[in-house]
Each structure stands twice: as C-alpha cells, then as structure tokens.
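Computed from the coordinates by the stated procedures, all read-outs in this text should not be read as laboratory data. These numbers were taken from a predicted model, which means no experiment stands behind them. When we count neighbours, we look across all protein chains shown, and the Cβ atoms used for this are built from the backbone with ideal geometry, even at glycine.
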Amino acid sequence: MAVEFILANDDTAKIIAELRHEIWGTTYRGIYSDERIDNYDHEEHRQRDLQRIQDSSYQVYLITDFDEPIGYFIFLTTETVYIQSLYIRREYQRQGIGKQAFALIREYCVEHGFDKFTCNCNSHNYSAQNFYRSMGGTVIKRNEGHDDKYDDQITFEFCV
C-alpha cells in the first residue's frame, strides 16, 4: 500500500462526490433510505464539496493508494475543529488509514492551538462508533429517535 493524503483542489470535488455515493451504498444501506442513496445527486454534492475546498475554514483531503482514490475526509476549522466526514472504502478499512487521518487532524490541532475536536456519527453505524471510541472519543451528546435514521447522531469529543 502507498497511501497518501492529498489536500483537495477544485478537480477533486467530483472524485469526492463519487466516493461518497459509493461508500454510502456499502456503509449506509439499511440505515439511510434506499431513495436517499439511489437518488444521490452527484452534481449537488460536487458543488458542495467544491465550496468546501474553496473555503479556507475547511480542510479537505483526498486519500489515495497508488493514485487510486480510496477515501476522503473533511474537517471544519473555526473556533473549534469538527470532523465533517471521514469515509474510506470498505476494502481499505481496518488497515490504519483512519488512524493516519486522525494523526493528521491531531497535528493540525496542536499546530493551531486546539486541545480537542469533535465529530458526529450516525448512531446506527456501529463500526464507525467502535473506530471513534478506539481513537479516544468520548460521547458528549446523543440526538436519536428520529423517523429517518439518517438524522440519528452521536457526537464524539477527542482530546489532543
């Protein structure tokens, strides 16, 4: 494996939108409605990702293995650091790539004077919850019981 974390540029927005759709299909089928996954609007998501890439308060990274896109992560940096997305193709999970992404985020926090960061996780995504706990995450908030499982979220906090 030759994993690289590449700061995204305008050309990567389409790749990130395509990865999101693929990963939603393998991760969230049965959690998100089939309609949400099957009617995914690539152009809408590409535009959102492009806006984030162009906004200096976001850090957007494409993850590649031998130049093949295998995932991405996005974190927002305002008065706090908030991981907005961390998606890795299923076949690349449990190989230390998520830990490397966390190391990059922690390094960012240290360099910019943050002592903690947060992220939300769908409360029905048990694999992600286990990962976040293994990274030292503590649950600080739950927002569950919605009609649409998409809206059920747990917030994790991580110390740097």
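Values for this structure:
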{"quantity": "Packing-based exposure ordering (other Cβ within 10 Å, fewest first) of VAL81, VAL3, VAL139", "calculated": "VAL139, VAL3, VAL81"}
{"quantity": "GLU43 versus GLN95: modelled label distance in nm, points set 7 Å from Cα along the beta carbon direction", "calculated": "3.4 nm"}
{"quantity": "Highest-first arrangement of 11-22, 142-153, where packing means the average Cβ count within 10 Å", "calculated": "11-22, 142-153"}
{"quantity": "Within the chain: Cβ-based charge dipole about Cα centre, in debye rounded to nearest 20 (Lys, Arg +1; Asp, Glu -1)", "calculated": "660 debye"}
{"quantity": "GLU35 paired with GLU157, simple spin-label distance in nm, labels 7 Å along Cα-to-beta-carbon", "calculated": "3.7 nm"}
{"quantity": "Percent RCO, i.e. relative contact order, over the chain, from Cα pairs under 8 Å lying at least 6 residues apart", "calculated": "21 percent"}
{"quantity": "Extension reserve of the GLU111-PHE66 stretch, reckoned as 0.36 nm per residue once the Cα distance is removed", "calculated": "13.3 nm"}
{"quantity": "Relative contact order for the range 1-82, counting Cα pairs under 8 Å that sit 6 or more residues apart, in percent", "calculated": "40 percent"}
{"quantity": "Cα gyration tensor shape of the chain, rounded if a/c is under 1.5, else prolate or oblate by comparing a/b with b/c", "calculated": "rounded"}
{"quantity": "Total lysine pairs whose alpha carbons fall under 26 Å of each other in the chain (8 or more apart, or interchain)", "calculated": "5"}
